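The values are calculated or read from the model by the stated rules, or taken from the named source; none is laboratory data. Being a predicted model, the structure only gives us computed values, none of them experimental. Heads up, the Cβs are rebuilt from the backbone with ideal geometry, glycines too, and the neighbour counts pull from every protein chain shown. Remember, those area values only see protein heavy atoms, side chains included, never the ligands or the DNA or RNA. Shrake-Rupley method; radii C 1.70, N 1.55, O 1.52, S 1.80 Å.
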Amino acid sequence: MRDDVFASALVEGIAGLLRKHTSEPGQSPDVSALIKEAAAGGWLDIMEAGLSASAEVSLENALLVSETLGRHLAPFPLVVAGGLIKPILTGVEPGRFSARIESWLEEGAVVAVPRPELLVDENDPRQGCFVLSGDVRVEDVGGTPRLFGAADRLTGGEAHAVLVSVGKSLAAVPTDVRGVTLTSIPTVIPGFDAGRVHFDGVALDEIFVADANIDEAVHNASMTWSLALDAYAVGACREMVATAVPFLLAREQFGRPIGSFQAVQHLAADMLIAAETSYSCLLAAARSVADSSSAALPTVVASRLHCSAAAISACQTAIQLHGGIGFTWEMGLHFWYRAAQFAQNYLTDVPELREFLARCLGDSSVEAGKVAGI
């Protein structure tokens, strides 16, 4: 099968799945059924497959599938499952921990994860790694290990289970057990929510893993998660272009299509530039990760900052180009605008990212100057 035919089949496959399970952009009457079918169809493995050198799915096709999630505004729990949960499982040793989470996904459970944060090396501020945020600890109570503490910025406030870091370990805990309090935090778009989880003496069972690969697994999964979010943002950008341009050609003022006016053309061009530069940043970052390049982390950080900002800008411009109807509920552009704002809160809203990237860019400029003899 030719690559373009295969790519079209992938896009239509995930688009069909979303149409089947979503009522309005970003919303699904049964997210569990969506995740269950996505797991059965192998859609949750696409990002990891594209980043693998031995994968049958090319990197470009994997990014195209994630882009389609953004164009159709897939419910966020699905993006989390394929972009963060599955990559974490890939990095840990096979066992009860990974088997249990796999079974949850196959059953359609929504699994939430605290927001990854960049932890900068104190000895070398140009180096860093992603860790799961939160303050969760394990204490021995009467000979039984129990969880205490809390984690916020969860990727879902209506989750069936949560995955948290406990020191150098990971714990997966159902939210319906005694001692777990999950608080949902409504956000700007229906169907997208955040959450906070509090543990008060939750007894740990076998769903607990501690091995030497945990830090690396979380870091690598967070890099994949960042790429998935970037592809989601690219999809939002391109969907805004695809929506706005036909409107500009059909809508007339002063007897002419409004798309014939230069000021309008400039705005439309800005949207297209936002979409295509975002894809270029994303592709460069994804290739760095796939090649295990030493520049992977700063490239991923740069892509995340650019793509998240570009998606918001493209959505704002699309709304403006539609004039007074742009932000009406019936037009629906606000769904993408709100989702872009929501997704920007993951991995980008901490100053450490910009400071880290600035240091990396500064060092690169100094090295380039030395090579050039400046």
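Structural remarks
- For the chain, the solvent-accessible area with a 1.4 angstrom probe is 45 square angstrom per residue.
- Amide H partners (placed H, <5 Å) of GLY128, local residues excluded: ASP121
- Identified option (computed mean projected area of the Cα convex hull in nm²; candidates (1) 20.4; (2) 21.8; (3) 18.7): (2)
- Accessible surface ranking that places the most exposed of SER292, SER32 first, with a 1.4 angstrom probe: SER292, SER32
- Relative contact order [Cα under 8 Å, 6+ residues apart], the chain, whole percent: 16 percent
- Helix 214-250 and the long axis of the chain differ in direction by around 20°, with both axes built from C-alpha atoms.
- Under 13 Å, Cβ to Cβ, from GLY323 - net charge with Lys/Arg +1 and Asp/Glu -1: 0
- Rounded percent of accessible protein surface that carbon and sulfur make up, the stretch 51-185, 1.4 Å probe: 46 percent
- Cα-based convex hull volume of the stretch 226-358 per residue, rounded to whole Å³: 103 Å³
- Solvent-accessible surface of protein heavy atoms, probed at 1.4 angstrom with all chains present, puts LYS20, LYS86 in the order LYS20, LYS86, largest first.
- Solvent exposure of THR155, expressed as accessible area, is near 10 Å², computed with a probe of 1.4 Å over the protein chains only.
- Acute angle (nearest 10 degrees) that the helix 296-321 long axis makes with the longest principal axis of the chain, alpha-carbon atoms: 50 degrees
- Think of each Lys and Arg Cβ as +1 and each Asp and Glu Cβ as -1; about the Cα centre, that makes the dipole of the stretch 71-215 roughly 320 debye.
- Sorting LEU105, LEU64 by accessible area puts them as LEU64, LEU105; the probe is 1.4 Å, largest comes first, and only protein heavy atoms count.
- Degrees, to the nearest 10: 31-40 long Cα axis against longest axis of the chain: 80 degrees
- With at most 11 other Cβ atoms within 10 Å, longest stretch of the chain clear of loop GluC sites (Glu not before Pro) (DSSP): 207-329
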